[in-house]
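To keep things clear, I will list the structure first and then write my remarks on it.
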Protein chains: 2
Amino acid sequence: MDSQELMVRASWLYHVEGLTQAQIGERMNLTRRRINELLAAALEKGVVRVSFNSPLAENAELEARLCRRFGLKDAVVAPTPADLDQMHAVMGRAAAAFLDRFIQARKPRSIGVGWGATLHETVLQMTGANEPEMRIRSLMGGLTRGSEINTFEIVRSFAKVLNAKCHYFAAPIYAGSEEAHDLIMSQPVFQEFLREGSNVELSFLSVGDVTGRSLQIRYGLPPQVDIGRLVAAGAVGDLLGRYLDASGQPVDHPLNRQVISPDIEAYRGIPDRIIASGGPHKHAILLATMRAGLATGLVTDAESARMLLKVGG
Amino acid sequence: MDSQELMVRASWLYHVEGLTQAQIGERMNLTRRRINELLAAALEKGVVRVSFNSPLAENAELEARLCRRFGLKDAVVAPTPADLDQMHAVMGRAAAAFLDRFIQARKPRSIGVGWGATLHETVLQMTGANEPEMRIRSLMGGLTRGSEINTFEIVRSFAKVLNAKCHYFAAPIYAGSEEAHDLIMSQPVFQEFLREGSNVELSFLSVGDVTGRSLQIRYGLPPQVDIGRLVAAGAVGDLLGRYLDASGQPVDHPLNRQVISPDIEAYRGIPDRIIASGGPHKHAILLATMRAGLATGLVTDAESARMLLKVGG
DNA sequence: ACATCGGCGTAACATATGTAACATAGAGAC
DNA sequence: GTCTCTATGTTACATATGTTACGCCGATGT
């Protein structure tokens, strides 16, 4: 086709000279329609192409692919830090920027949060807002043993930075036994809380792994739990204290019958479910949650994103 | 600025994913306005850039620069052929495509043409049209001595390919003497013809050089003319049989007082004045015509274009 | 010679884009 | 504290863009 030359000329005038399609048509004695076609053809045939000159471009690509692959509404991929100790800070910054915009634009009436190092960093990095009518709810009970990062502290921090109402979940994460769990859960106050909890418009959690790096493992579990048996049952990590297998299903283990938090179906009822976690030890549980479609939004690091795209689906 | 990341993300969604700015704003929780700015900034800051993957791109650039530098309305730059013998064919093809579009779109009522190898090739390559009301006029007299390419043949070929009316210029190019010139020019028929000639809406000429390669030099000049004296007078080539110096002014030489064609001022009165010439031996005269602003449109080859841009202005 | 078909121009339209005018809120200066 | 100042959101509008429907014309095949 001779139009190669026309495509190049039209594209040059359009992209470099900044003329309008109508002006180009005038100058080249062609109709605007024709120019429009030529420009589209030039792009399609690769005569002109848009190239990205930023390392961030790859992250943007990963985000788009994550959205497509796992049906996400939102995805944020931050650069994987060379020093993995920075991971929480990186995740925090990325998640904070995302949440700031999300909250600013969508003004959810209520937000449910989990806990962990990532959430701690996130709330530190948030710009915040002034939303006195907004409710921040913990979606999990509190730690009974100490940690420098406590669930109560997290939810309070969120409420403070957003100047919003703060709703603690006045219960332990795990009941001492299955019977105690059923008893606690039957309390009207918890019934309502769990119903309300899963009524939030937005949830923001991280997932936990099953290694000693996990705060949940170190401080959240009842003292007598044998991690080995948890792993043997197929657990690859937890979401809201509930331990999941590689397919994202709760494993058959007493802990899952003692956990006091919205069950998976209730959780799925939350319209926007953001999960923010990064780093290699989170790979298995991230993959599980993605496969099970538990999140509508993901904040993670580039390496994890690549893993998800390579393995998952 | 932290917006680097936002720019990349927005640009990716726009250019690669093909989302609309409004959709991106929705997805990133930003206003459409902001996205618009981000995209513009990304382009400006070079975060994304449009690159051309065609050797023709450089020609398009040369065209744009020629237009700017010399105030042209139209410029066509064809690739310089490796074999310079192909130059006329290349020029012809480029000029033919240009003229086809020009005539098709603008329907000039009358076109004035010169002569030469380039015009010969041009008319051969034209698709043509069917414009019975269009008048093709020769802007120069005819050759008195033979050439395989004759002015009369050129104008007739144009008229034929356009199915238009054909108006020959029934005179020699040069009168035998200055007195004869004045006498001829005073004839009512020529007076009218010259007036009409410069009344054409479009002129299509090539320029001539002052070497033996020029058909004008070989066949057009009266026998006794000494090329050396022409050159000594400063001539670098001719336009419509009028020899010009490096600044585009007619040289002081008897030939210029014998030539029978519209004078420079009359020529300038033509709204669209296309000059088509390429190859190194045309450089000097091309530069002269460009400097003097004699053309509104130029068809040339890449090498010549580069020369004009490097030297001229 | 005639019918058919694809390419292109024309016109009209719905959408998308760029921009201006104004409002608002947060950051920094005094 | 109050101020301005800048950056951004809001709204509205003028342009530009992409797309559709339709008709002309020349090319092609029978």
**Prompt:** Looking at residue A:87, is it more than 16 Å from DNA strand D (Cβ to nearest atom) and at negative phi?
**Reply:** yes
**Item:** Scope the range B:93-123; condition within 14 Å of chain A (Cβ to nearest Cβ) and more than 20 Å from residue B:201 (Cβ to Cβ); matching residues
**Value:** B:93, B:94
**Prompt:** So how many residues does the range A:34-52 have that are more than 7 Å from every other protein chain (Cβ to nearest Cβ) and either over 30 Å from residue B:5 (Cβ atoms) or outside any helix (DSSP H, G or I) (or both)?
**Reply:** 7
**Prompt:** Between a first residue in the range A:50-63 that is more than 16 Å from residue A:298 (Cα to Cα) and a second residue that is in a helix (DSSP H, G or I), which pairs have beta carbons less than 6 Å apart while being 6 or more apart in sequence or on different chains?
**Reply:** A:50/B:15; A:54/B:8; A:56/B:5; A:56/B:8; A:57/B:8
**Asked** Does residue A:155 satisfy being among the β-branched types (Val, Ile, Thr) and open to solvent by 20 Å² or more (accessible area, probe 1.4 Å)?
**Response** no
**Request:** Restrict the check to the range B:60-70 and report whether at least one residue is small (Gly, Ala, Ser), at pLDDT below 90 and either farther than 22 Å from residue A:13 by Cα or away from DNA strand D (no atom under 12 Å from the Cβ) (or both).
**Result:** no
**Message:** Tell me whether the range B:261-282 contains one or more residues that are surrounded by fewer than 19 Cβ atoms within 10 Å (Cβ to Cβ), at pLDDT below 95, β-branched (Val, Ile, Thr) and touching a strand residue (DSSP E or B) at 6+ places or on another chain (Cβ under 7 Å).
**Reply:** yes
**Complete:** residue A:194 fails exactly one of (1) modelled with pLDDT of 90 or more; (2) among the aliphatic types (A, V, I, L, M); (3) out of contact with any Cys (no Cβ under 9 Å at 6 or more places or on another chain); (4) under 29 Å from residue A:75 (Cβ atoms), namely (1)
**Complete:** Being within 13 Å of DNA strand C (Cβ to nearest atom) and at the interface with another protein chain (Cβ under 9 Å from one of its Cβ atoms) narrows B:31, B:20 down to just B:31
**Item:** Scope the range B:57-92; condition in contact with a strand residue (DSSP E or B) (Cβ under 7 Å, 6 or more places away or on another chain), in a helix (DSSP H, G or I) and either within 11 Å of another protein chain (Cβ to nearest Cβ) or of a type in the set (D, E, K, R) (or both); matching residues
**Value:** B:59, B:62, B:63, B:67
**Request:** Inspect the range A:261-283 for any residue being among the charged types (D, E, K, R), more than 15 Å from the chain's Cα centre (by Cα) and in the same structural domain as residue A:96 (by TED's automatic domain parsing) and give the result as yes or no.
**Result:** yes
**Message:** Of all residues being without any contact (Cβ under 8 Å) to a residue 12 or more places away in the chain and among the polar types (S, T, N, Q) in the range B:12-43, which is nearest to residue A:56 (Cα to Cα)? Just the residue, please.
**Reply:** B:29
**Request:** Taking residue A:195 as the residue in question, decide whether it is in contact with a strand residue (DSSP E or B) (Cβ under 6 Å, 6 or more places away or on another chain) and open to solvent by 40 Å² or more (accessible area, probe 1.4 Å).
**Result:** no
**Request:** Kindly indicate the residue of the range B:1-16 that is out of contact with any helix residue (DSSP H, G or I) (no Cβ under 6 Å at 6 or more places or on another chain) and at the interface with chain A (Cβ under 8 Å from one of its Cβ atoms) and also surrounded by the most Cβ atoms within 10 Å (Cβ to Cβ) among those meeting that condition.
**Result:** B:15
**Message:** residue A:140 - would you say it is buried (at least 23 other Cβ atoms within 10 Å of the Cβ) and either more than 15 Å from DNA strand D (Cβ to nearest atom) or among the hydrophobic types (A, V, I, L, M, F, W, C) (or both)?
**Reply:** yes
**Prompt:** In the range B:17-33, how many residues are open to solvent by less than 70 Å² (accessible area, probe 1.4 Å) and either touching a Leu at 6+ places or on another chain (Cβ under 9 Å) or away from DNA strand D (no atom under 12 Å from the Cβ) (or both)?
**Reply:** 6
**Request:** Tell me, please, whether a residue that is within 26 Å of residue A:150 (Cα to Cα) and either modelled with pLDDT of 90 or more or in the same structural domain as residue A:159 (by TED's automatic domain parsing) (or both) can be found in the range A:28-37.
**Result:** no
**Hits in the range B:158-171 - residues which are outside any loop (DSSP other than H, G, I, E, B), open to solvent by 40 Å² or more (accessible area, probe 1.4 Å) and not basic (Lys, Arg)** = B:166, B:167
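The values are calculated or read from the model by the stated rules, or taken from the named source; none is laboratory data. Source: prediction; values computed, not measured. Glycine gets a Cβ as well: all are built from the backbone with ideal geometry, and neighbour counts include every protein chain shown. Just so you know, the surface numbers come from the protein's heavy atoms only, side chains and all, with ligands and any DNA or RNA stripped out. Shrake-Rupley method; radii C 1.70, N 1.55, O 1.52, S 1.80 Å.
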